[in-house]
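Reviewing the structure listed below.
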Amino acid sequence: MNAERLIEMANDIARNLADEPDPAARIAEHLQKFWAPRMRSQLAEAIAVSPAAALPTVMEALQKRGDRDA
């Protein structure tokens, strides 16, 4: 999948979950439940190249996820 599209999708999720008590945890949970491992890896790689493209809560969610691939 296109790297920019993955970041855009993650940002959309972040916007939708912004009012949750811990939005980064909810984003991380969503990515774990609904995104394939390859998509999560591609998202992390895309953000490493273009960190300014991702919302801060997306960055925090990836940090909360740590190195979990599956």
Mind listing the phi-derived Karplus ³J(HN,Hα) values for region 44-55, rounded to whole Hz, using 6.51, -1.76 and 1.60 with θ = phi - 60°, and x for any glycine or proline? 4, 5, 5, 6, 4, 7, 10, x, 5, 6, 9, 5
Taking every eigenvalue of the Cα gyration tensor of the chain, multiplying by 5 and rooting it, what semi-axes result, largest first, whole Å? 16, 14, 11
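What's the magnitude of the charge dipole for the chain around its Cα centre, counting Lys and Arg as +1 and Asp and Glu as -1 at the beta-carbon? Answer in Debye, nearest 20.
Dipole size: approximately 200 debye.
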Which one of A53, A24, A14 has the biggest mean-square fluctuation once the chain is modelled by GNM with Cα springs under 10 Å? A53
Mind telling me which of P51, P21, P37 comes out most flexible in a GNM of the chain, alpha-carbon contacts under 10 Å? P21
With label points set 7 Å from each Cα along the Cα-to-Cβ direction at E4 and K64, the distance between them in nm comes to 2.9
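Each value in this text was obtained by applying a stated rule to the coordinates, not by laboratory testing. What you see is a predicted model, and the numbers here were worked out from it, not measured in a lab. Every residue, glycine as well, gets a Cβ built from its backbone with ideal geometry; the counts of neighbours run over all protein chains shown.
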